[in-house]
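Student: Below are the structure tokens for one structure; questions will follow.
The values are calculated or read from the model by the stated rules, or taken from the named source; none is laboratory data. Computed from a predicted structure; not experimentally measured. Cβ atoms come from the backbone with ideal geometry, glycine included; neighbour counts cover every protein chain shown. Surface accessibility is based on the protein's heavy atoms, side chains included, excluding ligands, DNA and RNA. Shrake-Rupley method; radii C 1.70, N 1.55, O 1.52, S 1.80 Å.
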Amino acid sequence: MKKKGYKKKAPAAARREAKKGVRRELSCHETLESATWAYRCGVYWDVRNKTDQVLKIHGITAGSRGGPRQAVLFACAKSSKGRELDKSAWVEVWSGTLREKTSTDVPCDVGVPPFAARGFLLHSDTYAVYHSAEGASDENIELVPGRRSRERQTLSPFEPDSLSEDLGTHAGSVKYSLAAMDLAGAFETALTQGRAPLMRAKLSVVGEGRSGKTSTVKALLGLDFDVEEPSTVGAKTSACEIDRTEACDFVRVDKDTKADYALHRKDAAVRVLANNASDIVASTTAPPSAREEGGEEPREAEKQKFVEQARAEAQEVARKISSVEIAAEVAELGDEENETFSSKDNNNNRKLQLTVWDYGGQRVFYDLHHLFLTRQAFYLVVFDMRRMPEATSFILFWLRSLRLHAEGAPIALVGTHKDVVPEGHHQRIHEHIVSTLSTAAGRLVAPVLHNDSLCFFPVENTIGLRDPVHRKLKETIRETILAESYVAEQIPVRWLKLVDILEEDARNRPFVSLEDAANIARTEAGLDDVEVALAKFHQLGALNWWSESDELRSHVVLDPQWLVDSISLIIRDYELHGLPNNYKSKWVRKLKEQAVLSDSLCDELLLLAGAATTEETRRFLKHLMIRMSVMCPFPTKGEHPCYLVPSLLIPSKPARAEELLPWSKAQTFVVSFKKFFLPTGLFERFVCLMLRHASDHHPIVNATDAWLAVQGVDFHALNDELGQEIRCEVFLQVLDRTTANRRALTFVRDTLAHLRNHFAKNLKYTILVPSDDGEEYRNVEDDDDKDLARFAHWFGNSASPAAVVDVDALFAAGRAYARRVMEPDIKTYQKVWDRVRRLDPKTLIELGEVTARLAAAGTGNRAELRQPSFGETSTLVDNDVYFEKLYDACEAAMAGFYGRVESVVERIEGIAFHAAPSLKKQSRSLEKVRLKYDGDVSRLRDVLRCKCVAENVAAIVRFLRALEEHNLDIASLKLKLADSFDAASVSGGYRDLNLNILLPEHNFILAELQIHLKDFDDAQAALRAQQSHDGLSGHDRYVIYRRVNERLGFQKKRIQES
């Protein structure tokens, strides 16, 4: 809003005067001879500059009554209105003697910027100074009356009750001249050459879903509470959202308003102008060089105070400049009191630009933490007080993540729903959090800011900033951020101009190429060193740019949501967030079941991101995900390049130390995180890095463990979350045990070092190696030589002699161990078998006769049965294609297989489908092929299978005879319902009947028909629902049993081969 009477442009005469420095004088309405006066008083007034030039006030004339009087002239950097009693706003610019009823020259060299005002105060505490009751004006300046002191006043003019309601100015005149002020040139110089404090920061809001994060942000920004506020979690196709809000001094900025949104460059240039005010307004703002008649030089403190005020005044004007047409801009903005863009040099009043990041999402975001969690931010960890103490686990998780990725960043805990949780409960919540954080699990978390006696801020989002705790939280955030060194760091203004332009670009495109960014920097910001600026703003979280490789350097990411959306098309919960219907290829199945992503499917999925339309952009995203260890190249021999996506791996329940055989203790070294913590997602990245160097094809990889060969050494890595350890078991080998151990140890150490450098710089761990008897552990960093001989198989400098291994004894000991794990289940199943034998002895004999006849009519030895060749080599080491063709053929045969079996089941009483035909999980098939079948996929006879349950043995007999009558091609069968079968050693005590059915109409595929006895099926279900004292269910024990036996056989074979 423009002031009444202001002119948009100064008269041409004023411009000419400014160039020549012509001095003029404006007299008040009253002369000194006819002036009124007041006893022992002062008078305030303003001098307003009506031009677009700098007004230089050289002095005034004034006088006193009743003889010569001592007087002081003060000046204010702004109008006197409202500042009369604020002594800190005033600077003494002259003091001396006023003559009675005589014009006394009062020199003062004070500048008034264009369209601005300065306040003045003339005061004498010994008697009186003359004043006029009215103002005065000419075409350049205006004297505006201000308040005066009370008559016969003995108080200081700055003390309360010292002012009257009367208005006036001094009686006399004002001597001035106009000077050209090249703010445009100074402004452009500041833009191109200046440096300024950053004055921007990131406020990151994290926490559990539906805890009130978004409402907390809105409350801090003074926005109304929305009772229907949607969750930030999982909208549309994205499993993770990042909601960013721009705010200036906790007032949300409208991104559609460029003048409001792009503050950085203009704001910074203003600060440069302010900090270099002496170069801009020079003599117009300097205090007088000497006092009246040879008086003392002004005190240094007063000089400094005046300069600071001059800088503030320069800011007020320069703030309103957005182009070289300064006068027009300022005239349009108008009132000098408008502080919409004000930026003071003191920390309490400086405008702070915040980018508020409201994180939402599921586990997908946890895999991307290190992308967005940086030291240069303030973090709010929001939790729902109604969910305490359960919410403590989320608090602990986030504080650990921040300790890992953003150590040293300020953090505040915020508890929501104060309106529901009584104040009396707040202390209990505080004590619970403190107690949790003081435990071994919570000790190593990031520290938090305190709210008086509480370790968190309990807030009520429904009333926003009317909540005093919300106001306190807001001020705590502001003061803490302003105290951060990076906020005040001086950086080139051109950098700020560049990021301004790039952020404006982000509305239309989520990224720019490095080449485009360099062109923008050069042509629009006059910046040549664009990569230095990009690296800085990447560190500050304003954008994302990685310089490690040419592929990563190629893109500057402006919108982090695009990045998250793109990656979450790969990493997602496919049960919750599916794919379009046309994505039903074998590669989708491979991704869901094996976590193996083909390069072609990766390209198709990234196209869904909308902006990944070019090959270069897709290549950038793939390289970024590999760099982040979100995925890694998977060693295959197929025709399609593939990647492993570890976060999609199906947990191989359980992953526990029980899987490590007792005799392997001496071969198992431990990466311990007990003194720190085992970070979420670390093991997946650990596996990714190991696979880059794997020397075999189709290694066995699960979410909790991995079996692979690296540099000729076979070893097993197991993620023991309960024990906060990663265990690495090096396979026993006859040849050079020490070399194998040392290679594995060196490889793991190098992998962990890479993770520390690229994933979490604050990662802490200890590597412990076992003694030769496996009873003691030694830190690999220890220099102590004590008992070193007991660890020679890890540190030996020369090859150890070939170990003498009794393979048969080793195998027998392992089988015995597996049996001990399964002992409770074996006993239960044995009781079931004893009961079946007692009740149906004759029927069991009959069953044996029927199965013998069927076996004799089969195609031959079960162990020699193979799936059809499909014209491909069937071993994984040579070809991946066979595995895919087998699954495709089994899927195509599923309906036909079901129909044939169903036609028999429907006719037989006492038997029913328990599970319709289905395909075996690919991850389990690959494990079985690797461990049991020496990599030969054609030996997989149970990819397509179904399960029937019989009420009794007689029903099984009837069913087998019906199958025989229907001419089903029974290629082989395995009868476990017989005393001759050692169920305790082979199947953990469980007994059933398995048939391999040949399907000639489907390329002679072999399918498996499982026939279970109801008594055993019920016992198995009961055991699965029970847990033993060590927390293992029946299925857990079986998985351990099966794995130990399969891996024993695999290791025995490797030892015999070597």
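Student: E615 - would you say it is acidic (D, E), at negative phi, buried (at least 16 other Cβ atoms within 10 Å of the Cβ) and modelled with pLDDT of 75 or more?
Tutor: no
Student: Now a separate question. What are the pairs with Cβ atoms under 8 angstrom where one residue, in segment 1033-1045, is farther than 9 Å from V821 by Cβ and assigned to a strand (DSSP E or B) and the other, located anywhere, is of a type in the set (D, E, K, R) and open to solvent by 10 Å² or more (accessible area, probe 1.4 Å)? Sequence gap at least six, or different chains.
Tutor: Listed by first residue and then by second, the contacts come to S1033/R1024.
Student: Restricted to segment 16-64, and to residues that are open to solvent by less than 10 Å² (accessible area, probe 1.4 Å) and either of a type in the set (K, R) or touching a helix residue (DSSP H, G or I) at 6+ places or on another chain (Cβ under 6 Å) (or both), which residue is modelled with the lowest pLDDT?
Tutor: Here the residue is V54.
Student: I've got another one for you. Considering only residues of segment 1029-1055 that are open to solvent by less than 40 Å² (accessible area, probe 1.4 Å), more than 39 Å from the chain's Cα centre (by Cα) and modelled with pLDDT under 80, which is farthest from D825 (Cα to Cα)?
Tutor: Only one residue tops the list, namely I1055.
Student: Okay, next question. Determine which single condition L514 fails, assuming it passes every other condition in (1) at pLDDT 90 or above; (2) more than 16 Å from W545 (Cβ to Cβ); (3) crowded, with 17+ Cβ neighbours inside 10 Å.
Tutor: (2)
Student: Something else: Exactly one condition in (1) open to solvent by 30 Å² or more (accessible area, probe 1.4 Å); (2) farther than 20 Å from C632 by Cα; (3) modelled with pLDDT under 80; (4) not polar (S, T, N, Q) is false for H697; which is it?
Tutor: Every condition holds for H697 apart from (2).
Student: Give all pairs with beta carbons closer than 6 Å in which a residue from segment 532-559 that is over 13 Å from H623 (Cβ atoms) meets a residue that is surrounded by fewer than 18 Cβ atoms within 10 Å (Cβ to Cβ) and among the β-branched types (V, I, T); count only pairs at least 6 apart in sequence or on separate chains.
Tutor: That search, which allows pairs on different chains as well, returns G541/T374.
Student: To continue, here is another question. Could you please tell me which pairs satisfy a Cβ distance under 6 Å, a separation of 6+ or placement on different chains, a first residue in segment 59-87 that is under 14 Å from Y130 (Cβ atoms) and part of a loop (DSSP other than H, G, I, E, B), and a second residue that is modelled with pLDDT under 85 and open to solvent by less than 20 Å² (accessible area, probe 1.4 Å)?
Tutor: Every condition considered, the pairs that remain are G63/L32; G63/Y130; R65/A128.
Student: Just to check your reading of the model, which residue among S903, S918 is open to solvent by 40 Å² or more (accessible area, probe 1.4 Å) and touching a Cys at 6+ places or on another chain (Cβ under 9 Å)?
Tutor: S918
Student: Follow-up. Somewhere in segment 952-960, is a residue open to solvent by 30 Å² or more (accessible area, probe 1.4 Å) and assigned to a strand (DSSP E or B)?
Tutor: No; the residues of segment 952-960 include none that is open to solvent by 30 Å² or more (accessible area, probe 1.4 Å) and assigned to a strand (DSSP E or B).
Student: Between V174, V144, V93, V106, which is touching a Phe, Trp or Tyr at 6+ places or on another chain (Cβ under 8 Å), part of a strand (DSSP E or B) and either more than 17 Å from V72 (Cβ to Cβ) or modelled with pLDDT under 80 (or both)?
Tutor: The conditions single out V144.
Student: Now a separate question. Here is a check on your reading of the model: is E927 out of contact with any His (no Cβ under 9 Å at 6 or more places or on another chain) and crowded, with 16+ Cβ neighbours inside 10 Å?
Tutor: Judged against the criteria, E927 is a match.
Student: Anything in segment 101-120 that is farther than 21 Å from V54 by Cα and either out of contact with any Leu (no Cβ under 9 Å at 6 or more places or on another chain) or open to solvent by less than 10 Å² (accessible area, probe 1.4 Å) (or both)? List them, or say none.
Tutor: Within segment 101-120, T104, D105 qualify.
Student: Next question. Name the strands (runs of 3 or more DSSP E) wholly within segment 404-514 that hold at least 1 residues that are small (G, A, S) and in contact with a strand residue (DSSP E or B) (Cβ under 7 Å, 6 or more places away or on another chain)?
Tutor: Strands (runs of 3 or more DSSP E) meeting the threshold: 411-416, 511-513.
Student: With respect to the numbered conditions (1) farther than 16 Å from F883 by Cβ; (2) open to solvent by 20 Å² or more (accessible area, probe 1.4 Å); (3) modelled with pLDDT under 75, which one is the sole condition not fulfilled by R572?
Tutor: With (1) farther than 16 Å from F883 by Cβ; (2) open to solvent by 20 Å² or more (accessible area, probe 1.4 Å); (3) modelled with pLDDT under 75 applied to R572, the lone miss is (2).
Student: Of the residues in segment 65-82, how many are basic (K, R), buried (at least 19 other Cβ atoms within 10 Å of the Cβ) and closer than 21 Å to F158 by Cα?
Tutor: Within segment 65-82, residues that are basic (K, R), buried (at least 19 other Cβ atoms within 10 Å of the Cβ) and closer than 21 Å to F158 by Cα number 2.
Student: Taking into account only those residues within segment 585-612 that are modelled with pLDDT under 75 and in a helix (DSSP H, G or I), which is surrounded by the most Cβ atoms within 10 Å (Cβ to Cβ)?
Tutor: W587
Student: Take S647 and decide whether it is of a type in the set (S, T, N, Q), more than 21 Å from K761 (Cβ to Cβ), modelled with pLDDT of 75 or more and in a helix (DSSP H, G or I).
Tutor: It is true that S647 is of a type in the set (S, T, N, Q), more than 21 Å from K761 (Cβ to Cβ), modelled with pLDDT of 75 or more and in a helix (DSSP H, G or I).
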